[in-house]
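Read through the structure below, which is laid out as structure tokens, and then see the notes.
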Amino acid sequence: MSFLGHFSYWATVFVMMTGLYIVISRGNLVKKLVGLGIFQTSVYLLYVAPGKLIGGTAAIVTPGITLYSNPLPHVLILTAIVVGVATLALGLALVVRIREAYGTVDEDELLAADAKDD
Amino acid sequence: MTNGGLALAALCIPFAGIALVLLARRKPDLREAATFATAAMLFFVVVSLAPAVLAGERPSATLFEMLPGLQVALVVEPLGWLFAAVASTLWVVSTAYSIGYLRGNGEENQTRFFVCFAGAIGAAIGIAFAGNLLTLFLFYELLTLVTYPLVTHHGTDEARRAGRVYLGVLLGTSVVFLLPAIIATWVLAGTLDFRTGGILGGRVDATAAAILLALFMFGIGKAALMPFHRWLPAAMVAPTPVSALLHAVAVVKAGVFCVVKVIVYVFGTDALAALGGAGWLTAVAAFTLVAASAVALRADNLKRRLAYSTVSQLAYVTMAASLLTPAAIMGAALHLVAHAFGKITLFFAAGSIYTAAHKTEVSQLDGIGRAMPWTMGAFAIGALSMIGLPPLAGFVSKWFILTGAMATRDWLAVGALAASTLLNAAYFLPIVWRAFFLPAPERDGHGHEAPAPMVIAQALTAAACVALFLFPGLAIAFARALIGG
Amino acid sequence: MPAEHFPVLLAVVPLVAAPLIVVARSGFLGWAIAFAVAAATAAMSASLLARVTVEGTISYAIGSWPPPWGIEYRVDAANALVALLVSAMALVAMPYARRSVTAEIGQERQYLFYALLMLCLSGLLGIALTGDAFNLFVFLEISSLATYVLIALGRDRRALTAAYQYLILGTTGATLYIIGVGMLYLATGTLNFADMAARLDGVADTRPLVVGLAFITAGIGLKLALFPLHAWLPNAYTYAPSVVSAFLAATATKVSLYVLMRVYFSVFGADAVFRDLPIGPVLAVLSVAALFVASAAAIVQKDLKRLLAFSSVGQIGYITLGISLGSATGLAAAMAHVVNHGITKGALFLLAGAMALRLGGTGFDRLAGLGRTMPVAAFAFVLGGLSLIGVPGTAGFASKWALVAAAMGAGQWWIVAAVLLSSLLAVAYVWRFVECAYFREPPAGAPSPGEAPWEMTAPALAMTAAVVALGLHATPVLDAATRAAAALMGAGR
């Protein structure tokens, strides 16, 4: 019960850790950004899931309906998604520039190139 | 102008002098004239404060609020006046000397030298007239920083290394020991003003007082109490006028001045005695006194010997202050004056020897007294004053310190005084003996006397050593005012 | 009455200016607009600070939706001070920026630079002024995204990797923050800080809230470069354009520090954070580690800007140390150091930028003999360095005094010792510059003696003068910091 009852949290934690793991473990800059995107997605889940009440309906006052879902988390997450998209776009743009400047998008090779610059 | 205004003027004059020197930097003669004029003006302003201070007035001026509830404030009290008087008098003399030295040795960056020199005097005046511990600390650190370019004047690797020791010890002790002591005093007493009878009495127990006293005494690194004395010999790489005025007078005297000031006005002699006294400080000072003398005995480099002699003489003042008796406190104040005149004479002579004959080691001085009679004559007078023989200034101050030590039956202090007097004689008299009674080496004679400005300067300070013995009234009056007599 | 709307205008004016600059497509026009906006925000912040000092907290309801339903901008003595620091730094940087940006950034991209600077300013001011946890996240991301691009505009290609690294860590930090806010929102049903504080009263030690606090601490810790989460900072400050380094060093981490203070002292309350949870000791240990490790790292750097960056990590340690005391005096000391260190580091980075312009970089081998080639800049840098050490008569001394007094008041003697001993490391890294500038010969091919253009030197010297003036007369800053601490601790309680 407790496990299933908290299912959405388990899913959130799983997605969160997956994303974070990719950010930390991958050396490819693009893959890191993918991981970052997954990490951010977990937050969407964290906010949206509790906003939904089983049996609840959209927050439009209607006669005869007493149970509404909370709309605010959805609104917040719309903003967060926009932020996430912007971040991903900027990150990818940076990767393009890095590729132009260094000729690689691998972290180890970048570090080696920087070490040679010093 | 009110007396408070005069005190403020005394602080501002050296800094105005910096501006003048900078303006005249392209014309050396004008620049030196500016330094002279500033020094002379400072001297007159300080002297003009004397009657009021002797009459019991405490001219004061408040500048601005530095921290909430803590002003940068000036208060002229007897000990501060004495220190300011010594510093400003000797600034005039040593300016003459510096001009001769710098030109005689073709030193570079002379403008920077005079600027920092004036800054150092300004900081010394700030320390002398500081009305509270915060103001004192402000100018104390300023003095360290502004003398750093003077110590490293030559810009060599050796100078840089010495600069590191100088700064490391002085800034280090002041930040790690002195600053927390001051803040703790502020937290405990709620004030940092210097007050007769102290501000800590009744607010701390014996343990806290002992810890605070230790933080203060070792925090005031300029007093060169062992083991924080290394900066003083290191600073000897500086040109000799710097060693003379700053490391025999302004900087080190600022150190022992702070020691006396803290003991008299922060702890209060009676309150400190009631809290168990400062016996350990007497012991540390006595050890410094004898140990430094012993090191001086073995030093062949003349300036190094003088530096360790300074370390030892500073310990006299600290030890005297730690005895907490009125006579000893008076002795401390008088020794501050007497040692200043004696030691600057010795450094002047060392610089003259370097300028005229390019000699730096004691073993090279055989027979030099015949080539440089004025210089070595002044040196002899300074040395005898250091030893404490009449009719010289050192005798007066040592007499008071000894009286103070006898009064408390502090045989450790008496023994240390006796031992160090013997050691003083042992490391100074051979120099005089060599200079006048040993034959000069055959192949290279010693040439001639130093340039006139230098000779005049050292003659003046040597004469002052005699004058202070013959007419000690003024200095004693101020010392007596310090103990409230 | 526009003065009523100052709280929101502070964030909106630069936000609107950014697209205007993009439309103008001219470096000069962009600069002129940015200059005007910076001056306007500085004036508005000053007026707000004056108002809250007299009237107390100002609440501004956006779109007239009353809090806690609408977004509230809540201005008190704390965030008005931070806003003034941010906008004043922007104002000082503007005259400097013209020459510096021309030298470092291609003509065709300059207008973008000013547009981004405005976005960054808007974000930072928004973070400072908003009273809404989610709105804060949005502004955090606005300022961060702008910052990543600003850093990437640096001349060295390492600016790109530095920006990327900051993007990854900064986004992670912001995400951790928003996770923490999510926890708080789930538990309290509100995003308004003041409302949240009222609802948390007495239940702040329940587990979801503690977890939320931990997420927020980690997230904001990343943004403020709390040791050991500072990895992004040295490269970002080193390779960013000079103006950006100066502006960010003075403001970005400081704003994040303010957020941490707001969450700890206003939302959760000092008791919940420091009495019921072991955050104080943990923060203190991390701060002391920052003081020593980062300052020691600063000593061995080969580049002046990098040295300053590591010094920033160390100096942030003093601020978090003040926070870790959990007392009003400690918080006031932290706030005072936010201001004093912001001004000091701003001045130092501006001077480093002036050196970079004349010498082509700030590596120590280029700086040799600087005392002769750029005497004014070198001397001003030494003065700023003294403030990093905390020499009396400089701004750094005042906050160090307050911090030591606060630690003594709390009986934390080991903190007193750590603060004082770490000052010696600051002596070492500042003296590294002194010895390089005054004891070494200028390298072959060094430019002839002369300062940077006056448009750059004058702002840098003005900041340096402020460092000394606020050291000799520190009462205004310390009083403002004390009021700020009272506002932080009293708000919403």
Summing -39500 (n - 2.57) over every DSSP H run of at least 4 residues in chain B and dividing by its residue count gives a helix-only mean residue ellipticity at 222 nm, to the nearest 500 deg cm²/dmol, of -24000 deg cm²/dmol
Between region B:217-243 and region A:1-44, what's the alpha-carbon centroid distance in Å?
-> 63 Å
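Assuming R0 = 30 Å, can you tell me the calculated FRET efficiency for the pair B:ALA16 and B:ILE456, based on Cβ-Cβ distance, to the nearest 0.05?
0.70
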With only helices counted (DSSP H, runs n ≥ 4, each -39500 (n - 2.57)), the per-residue ellipticity at 222 nm for chain C, to the nearest 500, works out to -25000 deg cm²/dmol
Length-normalised contact order for chain A - Cα pairs under 8 Å, 6+ apart - percent | 23 percent
Net charge near B:THR173, counting Lys/Arg +1 and Asp/Glu -1 over other residues with Cβ under 12 Å of its Cβ?
-> +1
Averaging sequence separations of C-alpha pairs under 8 Å and six or more residues apart, then dividing by the length of region B:278-485, give the relative contact order as a whole percent.
-> 30 percent
For region C:2-490, the convex hull over Cα atoms projects on average to an area in nm² of 20.3 nm²
How high is the FRET efficiency between C:GLU108 and A:TYR21 when r is their beta carbon distance and R₀ equals 41 Å, given to the nearest 0.05?
-> 0.50
For A:VAL105, residues with placed amide H under 5 Å, excluding near neighbours | none
On a 0 to 90 degree scale, rounded to 10, what angle separates helix C:6-24 from the longest Cα axis of chain C?
-> 50 degrees
Output for region B:9-104: trypsin sites (Lys or Arg not before Pro) sitting in coil per DSSP, at most 14 other Cβ within 10 Å, listed by number, reads B:ARG26
To the nearest Å, what is the center-to-center distance of region C:438-493 and region C:108-165, using C-alpha atoms only?
-> 23 Å
For the Cα atoms of chain B, what angle does the longest principal axis make with the long axis of helix B:78-104, in degrees from 0 to 90, nearest 10?
-> 20 degrees
Hey, any idea what % of region C:2-490's accessible area is carbon plus sulfur with a 1.4 Å probe?
-> 68 percent
Here D for region C:218-274, in µm²/s, from Stokes-Einstein with a Kirkwood Rh over Cα pairs at 37 °C and 0.692 mPa s, works out to 267 µm²/s
Binned Cα-Cα distance frequencies in region A:2-117 - 10 Å width, integer % = 13, 30, 26, 17, 10, 4, 1, 0
Rounded to the nearest 0.05, what FRET efficiency do B:PHE471 and C:SER448 have when you use their Cβ-Cβ distance and R0 = 51 Å?
-> 0.30
Place a label point 7 angstrom from the Cα of B:LEU422 along the Cα-to-Cβ direction, then list the residues of region B:291-330 whose backbone nitrogen is under 11 Å away.
-> none
Could you tell me, in Å, what Rg and Dmax come out for the Cα atoms of region C:118-182?
-> 12.6, 39
Across C:LYS345/C:LYS400; B:LYS253/B:LYS303; C:LYS254/C:LYS400; C:LYS302/C:LYS345; C:LYS223/C:LYS400; A:LYS31/C:LYS254, pairs whose alpha-carbon gap is larger than 25 Å = A:LYS31/C:LYS254
Mind grabbing the base-10 log of I(q)/I(0) for region C:250-396 at q = 0.10, 0.15, 0.21 Å⁻¹? Debye formula, identical points on the C-alpha positions, no solvent, two decimal places.
-> -0.39, -0.77, -1.26
Take the protein assembly as shown, compute every pairwise Cα distance, and split them into 20 Å bins from 0; I just need the percent in each bin.
-> 12, 38, 30, 16, 4, 0, 0
The answer for trypsin sites (Lys or Arg not before Pro) in region C:279-375 that fall in a DSSP coil and have at most 12 neighbouring Cβ atoms within 10 Å is C:LYS302
In whole angstrom, the spacing between the Cα centers of region B:7-33 and region C:80-101 equals 36 Å
³J(HN,Hα) computed for each position of region B:232-246 - Karplus, 6.51 cos²θ - 1.76 cosθ + 1.60, integer Hz, glycine/proline x = 5, x, 4, 5, 6, 6, 5, x, 4, x, 5, 4, 5, 7, 8
Nearest 10, in degrees from 0 to 90: the angle of helix B:473-482 to the longest Cα principal axis of chain B is 30 degrees
For region B:1-275, what ratio Rg/Rh do Cα atoms give with a Kirkwood hydrodynamic radius?
-> 0.98
Can you work out the accessible area per residue across region C:2-490, with the rest of the protein chains kept in place, probe 1.4 Å, in square angstrom?
-> 29 Å²
Tell me, what is the per residue accessible area of region B:215-266 in Å², probe radius 1.4 Å?
-> 11 Å²
Evaluate 2.2 N^0.38 Å with N set to the residue count of region C:379-493, then give the Cα radius of gyration divided by it.
-> 1.37
Could you give the radius of gyration (one decimal) and Dmax (whole number) of the Cα atoms in chain B, in Å?
-> 21.0, 70
Cut-off of 10 Å, at most 15 other beta carbons, DSSP loop: longest stretch of chain B lacking such GluC sites (Glu not before Pro) = B:109-441
Log entry: pair-distance distribution for region C:1-117, C-alpha pairs binned every 10 Å from zero, whole % per bin is 14, 39, 28, 15, 3
Can you list the trypsin sites (Lys or Arg not before Pro) in region A:29-113 that are in a DSSP coil and have 15 or fewer other beta carbons within 10 angstrom?
-> A:LYS52
Taking a probe of 1.4 Å and counting only protein heavy atoms, give the total accessible area buried between chains A and C in Å², rounded to the nearest 100.
-> 2900 Å²
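How much length, in nm to one decimal, is gained on full extension between C:ASP365 and C:LEU421, taken as 0.36 nm per residue of separation minus their Cα-Cα distance?
Numbers: separation 56, 0.36 × 56 = 20.16 nm, distance 2.89 nm.
Computed gain between C:ASP365 and C:LEU421 is 17.3 nm.
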Over all Cα pairs of region B:278-485, the Kirkwood radius sets Rh, and Rg/Rh then becomes 1.01
Average other protein chain Cβ within 10 Å of Cβ, residues B:170-180 = 5
Would you mind giving the total buried accessible surface between chains B and C, with a 1.4 Å probe and ligands, DNA and RNA left out, rounded to the nearest 100 Å²?
-> 2500 Å²
Hey, what's the Kirkwood Rh for region C:248-320 if you take every pair of different alpha carbons, in angstrom?
-> 13.3 Å
Where q = 0.25 Å⁻¹, what log10 of I(q)/I(0) comes from the Debye formula for region C:183-269, counting one point per Cα?
-> -1.17
Sorting C:VAL300, B:VAL455 on solvent-accessible surface, 1.4 Å probe, most exposed first, gives C:VAL300, B:VAL455
Residues with amide H under 5 Å of B:GLN71's amide H, sequence separation 5 or more or different chain, H placed in the peptide plane at 1.01 Å from N; which?
-> B:MET66
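The values are calculated or read from the model by the stated rules, or taken from the named source; none is laboratory data. These figures come from a predicted structure and were not determined experimentally. Neighbour counts are summed over all protein chains in view; Cβ atoms, including those assigned to glycine, are modelled from backbone coordinates with ideal geometry. For the accessible areas, the whole protein counts, side chains as well, though only heavy atoms, and no ligand, DNA or RNA atoms are used. Shrake-Rupley method; radii C 1.70, N 1.55, O 1.52, S 1.80 Å.
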